[in-house]
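I have placed the structure first, in the form of structure tokens, so that the comments after it can refer back to it.
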Amino acid sequence: MLRSLVGSEMCIRDSHPHTSNSTMGKRSRALDMLHPIAEEEKKKHKLKRLVQSPNSFFMDVKCPGCFHITPVFRHAQTVVFCSACSTALCQPTGGKCRLTEGCSYRKKVDGGR
């Protein structure tokens, strides 16, 4: 910044022609860091969220033949069979497991031991 004294008052001029004092310090969008939007938090990486949380979960899978419910991890790496009728419930892929046709599931709630 260049400063020059003119009479009894001080004049302050910016050295850069594209900056102005009226736009300094203003943001284009105000963010609330303590209360983030849930949809935006879900899109973030699991370690970059305000509160770290995993993307994986356990689910209850209902067998299409005998309607027996079996708990399965969403990212299972082995084939999971029904404990009652030995029907394959899910097949592993590279990430999430693929449910067999006709199987239905629901996400397990936390603390349901």
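Please list, ordered by chain and number, the residues whose modelled amide H lies under 5 Å from the amide H of Phe57; skip anything fewer than 5 residues away on the same chain.
Amide H neighbours of Phe57: Arg74, His75.
May I ask you to evaluate 6.51 cos²θ - 1.76 cosθ + 1.60, the Karplus curve with θ = phi - 60°, for each residue of the range 43-49 and list the ³J(HN,Hα) values in order in whole Hz, giving x for glycine and proline?
6, 6, 4, 4, 8, 9, 6
Given the pairs Lys62/Lys108; Lys48/Lys108; Lys44/Lys107; Lys43/Lys108, which are separated by over 18 angstrom at their Cα positions?
In this structure, Lys48/Lys108; Lys44/Lys107; Lys43/Lys108 exceed 18 Å between Cα atoms.
Excluding Thr70 itself, calculate the net charge of residues whose Cβ lies under 14 Å from the Cβ of Thr70, where each Lys or Arg counts +1 and each Asp or Glu counts -1.
Net local charge, Thr70 excluded: +3.
How large a share of the accessible area of the range 35-113, in percent, is made up of carbon and sulfur atoms when the probe is 1.4 Å and the other protein chains stay in place?
Answer for the range 35-113 is 55 percent, counting heavy atoms of protein chains only.
So who's got an amide H within less than 5 Å of the one on Ser104, skipping anything under 5 residues away but keeping other chains? H placed 1.01 Å off N, in plane.
Residues meeting the amide H criterion: Lys62.
The values are calculated or read from the model by the stated rules, or taken from the named source; none is laboratory data. In this text the structure is predicted, and so the values were computed from the model without any measurement. All Cβ positions, glycine included, derive from the backbone under ideal geometry; neighbour counts span all protein chains shown. These area figures cover heavy atoms from the full protein model, side chains too; ligands, DNA and RNA do not enter into them. Shrake-Rupley method; radii C 1.70, N 1.55, O 1.52, S 1.80 Å.
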